[in-house]
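The values are calculated or read from the model by the stated rules, or taken from the named source; none is laboratory data. None of these values were measured; they are calculated from a predicted model. As a convention, Cβ positions derive from the backbone with ideal geometry for all residues, glycine included, and neighbour counts pool all protein chains shown.
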Amino acid sequence: MIVAKFGGSSLSDSDQFLKVRQILRSDPARRYAIPSAPGRRHAADHKITDLLYKCHDLAAYPREYAKVFGEIRDRYINIASALGLDIDIRGKLDEIERRIPLEPTGDYAASRGEYLNGLLLAALMKWDFVDPSDCVWFREDGTFDSERTHLDCSRLLLSREYAVIPGFYGRMPDGSIRTFSRGGSDVTGAIVARATDADLYENWTDVSGFLTADPRVVENPRRIEQITYRELRELSYMGATVLHEDAIFPVRKAGIPINIRNTNEPDHPGTLILPHAQGEPLAGITGIAGRKGFAIIVIEKAMMNAELGFGRRVLQAVEECGISFEHLPTGIDTMCIVLHQEALDKARGRLITRIYELTEPDSIEIHEDMALIATVGRGMVRQRGMASRLFGALSEARVNVRMIDQGSSELNIIVGVSGQDFEKAVRAIYSAFIDAPR
Ligand code: ADP
Ligand code: ASP
Ligand code: MG
């Protein structure tokens, strides 16, 4: 039995819906489908989810949001009428337009993109429609309640032979709608796969698998055939946005493989994500991913290594400012805190003052607008010559490395470089490991 999640670009217009129907029909084992909201049809297009958030923001301001809502309305009506679907999409749209200004957060508005697409896909397939507001649960503090969700999703879905369940949202104990973070339909797909004890979780998108680097940075990167859950977690957390970074948890628990597939090239095998992959990756590494938008605070103090509780006091300052840090590479007399630039911007004065008060350092230096790049591969840390190849490539490309963190997971080496050097650095690492022969 297969659970199939379809991303926004896979359901962006009526032609894409027909491709999805063809995929679902071609294998009766595909019993549960999770749609996202309509995505972009071309580079300059809008994602429905973005437009829905915009409507909420305008309504809260308060400003006129009817024009933006009109764009949303047209998209859905066009899909429904081109497919000849007999559902009251206008009535649903009217109700949503009325309710948007009454909701305190943007979650309700945003969730309606998936909700409406779910109704359309269920009508097209003539499958049952299951609303995640009846079976995907969040706790009062907003965190996802996985066990309650698991029980209710199992109960509601397994009693149906074929069903469509929209991605991205669920419900709070007070009855209000809550969404996962952006890209969260991948998480819903994984939840459904676990709840129905699927043999496979297919994730249908607009690329033929997980690539060794972001195709927007490296031209035509090589595909990854097989990858482990742990490698995937590292790559998606570090910016390979093809799959939501939290989507592996439900399926990992149950050992269900994920298959990334391309809706526009349905015969392509894509990428398989497994508990344990076969053999070593071809290039010695599995992939490269990175993100901009980090800051690095370097704290220096002579004899720091001998000072009892120094690390704890630094982290106390970070915690008091409500910041969660990303990495914490340390030297003998230096300690670096890597954090999101946004978090630093919000708490800069207080954070630096508290670090001074609590640790009395010799100096504090802040590097802003940095990028982190992770080079990931199972067992790579144990292979000889990997680090020298990595740093050789960066130095040849004249990229200055500000921070190095060789993760204790033995899975990756992370470097911090200036945001301006990000693309250049990723391409240099790609050429050194994946383009070049071993
Ligand atoms: P969907 O709407 O189907 O969920 P997303 O836009 O969330 O699709 O994810 C697919 C996109 O992820 C691709 O179009 C690609 O631009 C981007 N991407 C970034 N890194 C990678 C990578 N390593 N492999 C494949 N795609 C990647
Ligand atoms: N539609 C939502 C978003 O754009 C969720 C998703 O696509 O997975 O973030
Ligand atoms: Mg996505």
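Take the conditions (1) among the aromatic types (Phe, Trp, Tyr); (2) over 28 Å from Val192 (Cβ atoms); (3) in contact with a Lys or Arg (Cβ under 8 Å, 6 or more places away or on another chain); Tyr61 misses just one of them, which is (3).
Would you mind stating whether Thr359 is β-branched (Val, Ile, Thr) and surrounded by fewer than 17 Cβ atoms within 10 Å (Cβ to Cβ)? For Thr359, the condition - β-branched (Val, Ile, Thr) and surrounded by fewer than 17 Cβ atoms within 10 Å (Cβ to Cβ) - is not met. Under the condition of being of a type in the set (Lys, Arg) and within 16 Å of ligand 2 (Cβ to nearest atom), the residues counted in segment 79-130 number 1.
Could you list all residues from segment 378-401 that are touching a strand residue (DSSP E or B) at 6+ places or on another chain (Cβ under 9 Å) and modelled with pLDDT of 90 or more? Step through it out loud before you land on a result.
Taking segment 378-401 as the starting set, the residues that turn out to be touching a strand residue (DSSP E or B) at 6+ places or on another chain (Cβ under 9 Å) are 378, 380-381, 386-387, 390-391, 394-395, 399-401.
Result: Leu390, Phe391, Leu394, Ser395, Val399, Asn400, Val401.
Would you call Ser208 away from ligand 3 (no atom under 14 Å from the Cβ), in contact (Cβ under 8 Å) with a residue 12 or more places away in the chain, within 15 Å of Gly7 (Cα to Cα) and not in a strand (DSSP E or B)?
Yes; evaluated as a whole, the condition is true for this residue.
Restricting segment 16-42 to residues that are within 16 Å of ligand 2 (Cβ to nearest atom) and assigned to a loop (DSSP other than H, G, I, E, B), the residue that is nearest to Thr196 (Cα to Cα) is Ser36. Restricting segment 171-197 to residues that are of a type outside the set (Gly, Ala, Ser) and part of a loop (DSSP other than H, G, I, E, B) leaves a set whose member that is nearest to ligand 3 (Cβ to nearest atom) is Arg182. Tallying residues that are under 26 Å from the mean Cα position of the chain (by Cα) and either buried (at least 20 other Cβ atoms within 10 Å of the Cβ) or free of Cβ contacts under 8 Å to residues at least 24 places away in the same chain (or both) within segment 16-67 yields 24.
Take Arg160 and decide whether it is touching a strand residue (DSSP E or B) at 6+ places or on another chain (Cβ under 6 Å), modelled with pLDDT of 95 or more and closer than 29 Å to Ala198 by Cβ. Write out each step before concluding.
Working: touching a strand residue (DSSP E or B) at 6+ places or on another chain (Cβ under 6 Å): yes; modelled with pLDDT of 95 or more: yes; closer than 29 Å to Ala198 by Cβ: yes.
In short, yes.
For Arg223, are the conditions met, namely being under 16 Å from the mean Cα position of the chain (by Cα), farther than 23 Å from Pro28 by Cα, away from ligand 2 (no atom under 16 Å from the Cβ) and basic (Lys, Arg)? Even if it seems obvious, please write down each step before you answer.
Working: under 16 Å from the mean Cα position of the chain (by Cα): no; farther than 23 Å from Pro28 by Cα: yes; away from ligand 2 (no atom under 16 Å from the Cβ): yes; basic (Lys, Arg): yes.
Here the answer is no, as Arg223 does not meet what is asked.
Return a yes/no flag: does segment 198-205 have any residue that is within 16 Å of ligand 3 (Cβ to nearest atom), under 30 Å from Ala436 (Cβ atoms) and not hydrophobic (A, V, I, L, M, F, W, C). Walk me through it before giving the result.
Step one: of segment 198-205, the residues within 16 Å of ligand 3 (Cβ to nearest atom) are 201-205.
Now restrict to residues that are under 30 Å from Ala436 (Cβ atoms): 205.
Pick out the ones that are also not hydrophobic (A, V, I, L, M, F, W, C) and you get 205.
Yes, there is a match, as at least one residue in segment 198-205 is within 16 Å of ligand 3 (Cβ to nearest atom), under 30 Å from Ala436 (Cβ atoms) and not hydrophobic (A, V, I, L, M, F, W, C).
His150 meets each of the listed conditions (1) in a helix (DSSP H, G or I); (2) out of contact with any helix residue (DSSP H, G or I) (no Cβ under 9 Å at 6 or more places or on another chain) apart from (2). In this structure, does Tyr108 turn out to be at pLDDT 95 or above, in contact with a helix residue (DSSP H, G or I) (Cβ under 6 Å, 6 or more places away or on another chain) and either more than 30 Å from Asp197 (Cα to Cα) or in a helix (DSSP H, G or I) (or both)? It is false that Tyr108 is at pLDDT 95 or above, in contact with a helix residue (DSSP H, G or I) (Cβ under 6 Å, 6 or more places away or on another chain) and either more than 30 Å from Asp197 (Cα to Cα) or in a helix (DSSP H, G or I) (or both). Please determine whether any residue of segment 231-241 is charged (D, E, K, R), closer than 21 Å to Ser181 by Cβ and more than 13 Å from ligand 3 (Cβ to nearest atom). Yes, segment 231-241 has at least one match.
Scanning segment 226-244 for residues that are within 18 Å of Ile414 (Cβ to Cβ), within 16 Å of ligand 2 (Cβ to nearest atom) and at pLDDT 90 or above turns up Ser236, Gly239, Ala240. Against the list (1) more than 7 Å from ligand 1 (Cβ to nearest atom); (2) part of a helix (DSSP H, G or I), the condition Val217 fails is (2). Within segment 40-66, the set of residues being under 23 Å from Tyr169 (Cβ atoms) and aromatic (Phe, Trp, Tyr) comprises Tyr53, Tyr65.
Kindly indicate the residue of segment 399-419 that is in contact with a helix residue (DSSP H, G or I) (Cβ under 8 Å, 6 or more places away or on another chain) and part of a loop (DSSP other than H, G, I, E, B) and also surrounded by the fewest Cβ atoms within 10 Å (Cβ to Cβ) among those meeting that condition. The selected residue is Asn400. Checking each residue of segment 350-365 against the condition of being in contact (Cβ under 8 Å) with a residue 40 or more places away in the chain, in a helix (DSSP H, G or I) and of a type in the set (S, T, N, Q) gives at least one match.
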